[in-house]
1. Filter segment 144-199 for residues that are outside any loop (DSSP other than H, G, I, E, B), out of contact with any Lys or Arg (no Cβ under 9 Å at 6 or more places or on another chain) and either aromatic (Phe, Trp, Tyr) or at pLDDT below 95 (or both) and give the result.
2. Scan segment 79-117 residue by residue and report those that are touching a strand residue (DSSP E or B) at 6+ places or on another chain (Cβ under 7 Å) and not aliphatic (A, V, I, L, M).
3. Among the residues of segment 125-164, how many are closer than 17 Å to Ala59 by Cβ and surrounded by fewer than 21 Cβ atoms within 10 Å (Cβ to Cβ)?
4. Residue check, Ala121 against (1) in a helix (DSSP H, G or I); (2) under 20 Å from Arg205 (Cβ atoms); (3) touching a Leu at 6+ places or on another chain (Cβ under 9 Å); (4) open to solvent by less than 10 Å² (accessible area, probe 1.4 Å), all met but one. Which one?
5. Out of all the residues in segment 123-141, is one or more small (Gly, Ala, Ser), closer than 15 Å to Ile41 by Cα and in contact (Cβ under 8 Å) with a residue 12 or more places away in the chain?
6. Which residue is most open to solvent (accessible area, probe 1.4 Å), if the candidates are limited to segment 165-183 and must be out of contact with any strand residue (DSSP E or B) (no Cβ under 7 Å at 6 or more places or on another chain) and polar (S, T, N, Q)?
7. Just give me the residues in segment 63-73 being more than 19 Å from the chain's Cα centre (by Cα), closer than 16 Å to Val40 by Cα and either surrounded by fewer than 15 Cβ atoms within 10 Å (Cβ to Cβ) or among the aliphatic types (A, V, I, L, M) (or both), in sequence order.
8. Among Gly76, Gly37, which is surrounded by fewer than 17 Cβ atoms within 10 Å (Cβ to Cβ), free of Cβ contacts under 8 Å to residues at least 40 places away in the same chain and more than 15 Å from Val181 (Cβ to Cβ)?
Amino acid sequence: MLFRSEKLVVLPNGVHTELFEPREREAELEAELGLRGRTVIGYAGSMVDYEGLELLLEAVAALRSHRNDFHLLVVGDGPHEGVVRAMASRLGLEGPGGVVTFTGRVPHAEVGRYLSLVDIAPFPRRPLPVCELISPIKPFESMAMGKAVVVSSVAALTEIVRDGETGLVFEKGSASSLAAVLTQLLDDAALRARLGGAAREWVRRERDWAHLVGVLTTE
């Protein structure tokens, strides 16, 4: 079968914004996880080596050296989980008095409950070819929920996050740059709200699946 090139349409990643909407914090879950009174930095996704979670732990360790008003929540599992958890243990970030909680895998229908607790959503992808070329879906979910997203400066992420407008960008591969951006957001709730609101509006306008599928019907 032959395909005419003019009939081919490339659709970018998107999200069902009606499934990921801003919502109140789940108070029961917040209490269960011991997150009350903390600004929550949250990652929800696969734990694979290119996601840069070790970089996130380095940044969190730097923050913990001089503040204790935040907590890192990691939701999900994957082949790199053992490495990441071992590093968290080595840095003294997990356990009693720690600032990191790993939930493991949760049902997809429950992800929204966990994201309701998140104030800052980092996506610290490493400077690798796959990360430069392919954008993940997870940032769109956080953006749709009005979260303040932080992304590394790989091309596939800076295509969807405008620094200072719909999120903040840090220098890829740099834990110190990531720590500086996280500090900026930890210290400024108004900035988090502004970026999160703009992120949701951009996703609704540009990356809602209803809009993207509509493109096919007009081509």
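The values are calculated or read from the model by the stated rules, or taken from the named source; none is laboratory data. Please read all numbers here as calculations on a predicted model, not as lab measurements. In this analysis, Cβ positions are derived from the backbone assuming ideal geometry, glycine residues included, and neighbour counts consider all displayed protein chains. Note: accessible area is taken over every heavy atom of the protein model, side chains too, but ligands, DNA and RNA are not part of it. Shrake-Rupley method; radii C 1.70, N 1.55, O 1.52, S 1.80 Å.
1. Phe170
2. Within segment 79-117, Arg85, Glu94, Thr101, Phe102, Thr103, Tyr114 qualify.
3. 3
4. The one condition Ala121 does not meet is (1).
5. Scanning segment 123-141, I find no residue that is small (Gly, Ala, Ser), closer than 15 Å to Ile41 by Cα and in contact (Cβ under 8 Å) with a residue 12 or more places away in the chain, so the answer is no.
6. Step by step, filter segment 165-183, then rank; the result is Ser176.
7. Listed by number, the residues that qualify are Arg67, Asn68, Asp69.
8. Of the residues listed, the single one that is surrounded by fewer than 17 Cβ atoms within 10 Å (Cβ to Cβ), free of Cβ contacts under 8 Å to residues at least 40 places away in the same chain and more than 15 Å from Val181 (Cβ to Cβ) is Gly37.
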